[in-house]
Amino acid sequence: MRSFAVFLALIALALAGIAAFAYPAWLATQAMGLEFKFHRVASRIAMLTFLVGFVFVAKRLRVADRASLGYGLPAPAFFIEIAKALLLGAMLMLPVLATMVVLDMRELKPGLALDFGDWMTIVATGLGTGLVVAFIEETALRGAMQSAISRESGAVAGIVLVSLIYAATHFLGKARIPPDQVGPGSGLDMLGRLLAAFAQPAAIADAFLCLAAVGVLLGIVRHLTGNIAACIGLHASWVAIIYAVRETSERRETGPVAWLMSDYDGFIGWMVLAWTAVIGAALWWWYRPRKMGTFPVF
């Protein structure tokens with residue numbers, strides 16, 4: 001569990017950087033005449049701390065090479081696998097979207113009127129966002145972290161522990177501090193606001209478990225394929241679809257099945273969690289070793 005502890009410590013260090021350095025850094029930007037908002041300075045401090053630490057840790061744990069990071073495939077094959085997974089991810093989301101329609105869980109936004117150009121913009125924005133998010137998260141999580149933990153503690157530990165980290169990072173809340181309220185303690189205040197969701201675990205249980213389950217699916221795909229190409233494609237596809245759904249519809253707050261959809265983002269929740277079992281079976285079948293009698297060892 002040493003590798004897992006190291007990565008947890010790195011995440012904690014990045015968060016601690018907000019408490020320690022966000023206010024001095026913000027003061028420095030103000031002195032230079034730069035009107036940066038405090039939360040942006042704080043987030044950049046955390047990202048820079050994590051990035052520098054990640055490079056150092058990846059090298060020390062010997063997961064900085066292409067294969068360990070999940071980029072072992074030749075570039076043409078890698079991008080072909082991403083494209084295939086984009087389509088597969090969209091297909092696997094169809095039953096989830098159909099369930100939302102049948103159970104009347106979401107409704108179109110009032111006055112929604114989109115032409116072809118509007119739809120193309122939504123799709124392009126969602127796909128672009130999804131690919132950026134997927135490349136970053138999959139490289140760090142299913143790439144370096146899963147490789148390091150799996151080598152040390154086994155594939156199951158690597159998949160499960162990374163999935164817990166993946167789920168937890170989604171609940172680092174968005175925090176804003178008005179300029180006239182920024183002071184020496186604002187870094188600590190910002191950190192408290194970022195972690196506020198964890199103070200009420202019952203309120204986020206459905207979304208947390210759903211995200212953890214999705215993380216397990218991606219971890220299994222990483223294990224089965226030996227690279228992160230399919231993980232990137234699946235992840236990007238799901239992000240893009242969720243983006244499009246949220247841009248065009250709203251969660252129905254009342255009704256007998258409203259509780260199946262989480263308050264977290266109005267999309268994931270108990271219903272999506274149930275579908276992850278079916279999606280997982282489909283992914284296992286699709287990415288399983290094709291040679292008869294050959295199975296991955298966990």
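Computed over the chain with a Gaussian network model linking Cα atoms closer than 10 Å, the most mobile of Arg176, Arg222, Arg246 is Arg176.
Comparing Ser262, Ser186, Ser68 in a Gaussian network model of the chain (Cα springs below 10 Å), the most mobile by mean-square fluctuation is Ser186.
Taking 1.567 mPa s as the viscosity and 4 °C as the temperature, the Stokes-Einstein diffusion coefficient of the chain based on its alpha-carbon Kirkwood radius rounds to 62 µm²/s.
Here is how the number arises for the chain: DSSP H runs of 4 or more residues each give -39500 (n - 2.57), the sum is divided by the residue count, and the result at 222 nm is -23000 deg cm²/dmol. Compactness ratio for the range 45-188: Cα radius of gyration over 2.2 N^0.38 Å (N = residue count) comes to 1.38.
Highest mobility in the GNM of the chain, judged by mean-square fluctuation with C-alpha springs under 10 Å and restricted to Met32, Met93, Met47, is found for Met32.
Between Ala75 and Glu253, take the C-beta separation as r, use R0 = 45 Å, and let me know the FRET efficiency to the nearest 0.05. That gives a FRET efficiency of 0.45. The radius of gyration of the Cα set in the range 58-139, together with its Dmax, comes out at 18.1, 55 angstrom.
Counting beta carbons within 10 Å around each of Leu234, Leu161 and listing the fewest first gives the order Leu161, Leu234. If you take the square roots of the eigenvalues of the alpha-carbon gyration tensor of the range 166-213 and sort them as a ≥ b ≥ c, do you get rounded (a/c under 1.5), prolate (a/b over b/c) or oblate? The shape class here is prolate. Placing a label point 7 Å from the Cα of Val123 along the Cα-to-Cβ direction, the residues of the range 91-114 with a backbone N closer than 14 Å are 91.
Identify the residues of the range 222-251 with backbone N under 20 Å of a label point that sits 7 angstrom from the Cα of Trp284 along the Cα-to-Cβ direction, or state none. Only 222-227, 230-231, 234-235 pass the distance filter. Free of any GluC sites (Glu not before Pro) that DSSP assigns to a loop and that have at most 15 other C-beta atoms within 10 Å, the longest stretch within the chain is 36-252.
Read-outs throughout are calculated quantities, based only on the coordinates presented, and are distinct from any laboratory measurement. None of the values given here were measured: they were computed from a predicted structure. No Cβ is skipped: glycine too gets one built from the backbone with ideal geometry, and neighbour counts run over all protein chains shown.
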